[in-house]
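These notes concern the structure reproduced below.
The values are calculated or read from the model by the stated rules, or taken from the named source; none is laboratory data. The structure presented is a predicted model; accordingly, all values stated were derived computationally and were not measured. As a convention, Cβ positions derive from the backbone with ideal geometry for all residues, glycine included, and neighbour counts pool all protein chains shown. Note: areas computed on protein heavy atoms with side chains; ligands, DNA, RNA excluded. Shrake-Rupley method; radii C 1.70, N 1.55, O 1.52, S 1.80 Å.
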Amino acid sequence: MANVSEPVSLQWTLRLLYISVFIVGIAGNVVVCAAVVRRKRLRSSNNLFTFNLACADLIVVTIYVPTQMTAFENKHNWALGDTMCRIAYIIIPLCLSASIGSLLAITVNRYRAMVSPLAPKLTGRNIQFIITAIWVTSLLIALPIIFVAGTETSTNGQVYCSEPGWPEDSVIDNVYWISIFILQYVAPLIVIGVLSSIAAWKLRANALFNRKRESLVITKAVRRRMQQGTKITKMLFALVCIYAICMLPQHAVYFWMEYGNLNQMGFKMYIFRFSNVFPMANCALNPIAYGTLNKEFAMVFKGLFKRKWNYKSTICCRKNRDQSGVDIIEAKGGSDISLKDI
C-alpha cells in the first residue's frame, strides 16, 4: 500500500476531511462541555449524559485525529512511536463504547420519563455512578488492545501501527472484533430501538392526558415530566442515526476483509482510507445535532455567534470612529499630524 501512488484528488479530499473534522469537532464539543460546566441550569440528567458524549468525542478529535493526519502526511508511515500507537489504537474502541453508552443512558432516561413519569428523577449521585460505569465498562472492553497493538515494520521498511500481538493462526482476534461489533453496534442499537418504540407507544396510549385526576399538582408534574422526555426525542434520534451510519463502514470493511475478497481488490486502500474517516466524522457531526435539535444548546451556540458578531461590529465601529477623527484633524490642520501624535 505504501508504494501505490494515491491520486492528488484523493489526497486533498482526505486532507480537507481531516481538517474539517478536527476544527468542527474541537470547536463544537468544547462549546458544549464549557456550557454545561459553566451553567448550572444546563446540568439536567440528559445534558450531563450529552456532556459525557461530547467528552468522548473530544478525546477522539484531540488525540486520534491528529495521529491519523500525521500518518497520512507521512505517506502512511507511523513515526510517533510504539507508545503513541497503543494509545491511538485504544482510543476508538474506548471512546466509541463511551459514546454508545451515553446514548443508551439518554434513551433509558427518556424511557423512564415517558413510561413512568411519576418515578423519581436521577440524582446527581446516580448520574455520576452511571457515567463512571460507562467509562469503566468501556475501558474493560478496549483493554485487550493495549496488549496487542504496536508498531510493525514491513519488508520494505515501512512502519505501521497495527496489531502484531495477536497469537498467530488463532481466531482470538476475530472473536474480539466480532464481539466489539455486537457490543458497540448491534446490541445497543436494538435496545435503543426497542425502548424508543415502547416509549412512543406508551405516549400514544397513555391515558394520563385524557382523564381527569384528583390532584392537579400530580397532573402537571406528569405532563411536565413527559414533555421533558419528548424534547430530547429529535436530538436522540439524530445522534443514533449519525452513530449507526458512521460506525457501519468500518464494521463492513472488517467483514469484507476477513470473509470476503477485499484484500484482492486493487482499490482496497481507498476503502480503508474513507472507512477510517467515518468514526472521526461522527465526533464532528454530533455537536451539529446538539446545536440544531437541542433548544438549550442551540441558545448557547446562537449566543456565542451573536457575541462574536457584536464584538466584530464594535471593533469595526471603533476603527471607523478613529479614522473619522484622523480625517477631521488633517482637514483642520492641513498637516500629517495623526491622533497618536497629539
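If a/c stays under 1.5 just call it rounded; otherwise compare a/b with b/c (prolate if a/b is bigger, oblate if not). Do that for region 1-154, with a ≥ b ≥ c from the square roots of the Cα gyration tensor eigenvalues. Can you show the working numbers first?
Numbers: a/c = 2.93, a/b = 1.96, b/c = 1.49.
Prolate, because a/c is 1.5 or more and a/b exceeds b/c.
Along the Cα→Cβ direction, 7 angstrom out, place labels at Gln158 and Trp177. What is the inter-label distance in nm?
For the pair Gln158/Trp177, the computed spacing is 1.7 nm.
Which entries of Lys75/Lys234; Lys202/Lys306; Lys234/Lys302; Lys75/Lys302; Lys121/Lys306; Lys202/Lys302 show an alpha-carbon separation above 30 angstrom in the structure shown? Display every interim value, and only then the final one.
Details: Lys75/Lys234 41 Å; Lys202/Lys306 40 Å; Lys234/Lys302 19 Å; Lys75/Lys302 40 Å; Lys121/Lys306 34 Å; Lys202/Lys302 34 Å.
Lys75/Lys234; Lys202/Lys306; Lys75/Lys302; Lys121/Lys306; Lys202/Lys302, as the Cα separations exceed 30 Å there.
Between Ser9 and Leu248, what length comes free when the chain is fully extended (0.36 nm per residue of separation minus the Cα-Cα distance, one decimal in nm)? Write out the running numbers ahead of the final one.
Details: separation 239, 0.36 × 239 = 86.04 nm, distance 2.47 nm.
Value of the extension gain: 83.6 nm.
Averaged per residue, what accessible area in Å² does region 150-199 show with a 1.4 Å probe, protein chains only?
On the way: 2790 Å² over 50 residues.
I get 56 Å² per residue for this part.
Leaving ligands, DNA and RNA out of it, work out the accessible area of Glu163 with a 1.4 Å probe and give it in Å² to the nearest 10.
40
With a 1.4 Å probe and all protein chains kept in place, how do Arg43, Arg15, Arg125, Arg110 rank by accessible area, largest first?
Working: Arg43 105, Arg15 45, Arg125 195, Arg110 15 Å².
Most to least solvent-accessible, the answer reads Arg125, Arg43, Arg15, Arg110.
Per 0.36 nm of contour for each residue apart, how much would the distance between Phe274 and Glu168 grow if the chain were fully extended, relative to their Cα-Cα spacing?
On the way: separation 106, 0.36 × 106 = 38.16 nm, distance 2.84 nm.
Between Phe274 and Glu168, full extension yields an extra 35.3 nm.
Ignoring any ligand, DNA or RNA, what whole percent of the accessible area of region 27-102 comes from carbon and sulfur when the probe is 1.4 angstrom?
Details: 1770 of 2850 Å².
Accessible surface attributable to carbon and sulfur in region 27-102 totals 62 percent.
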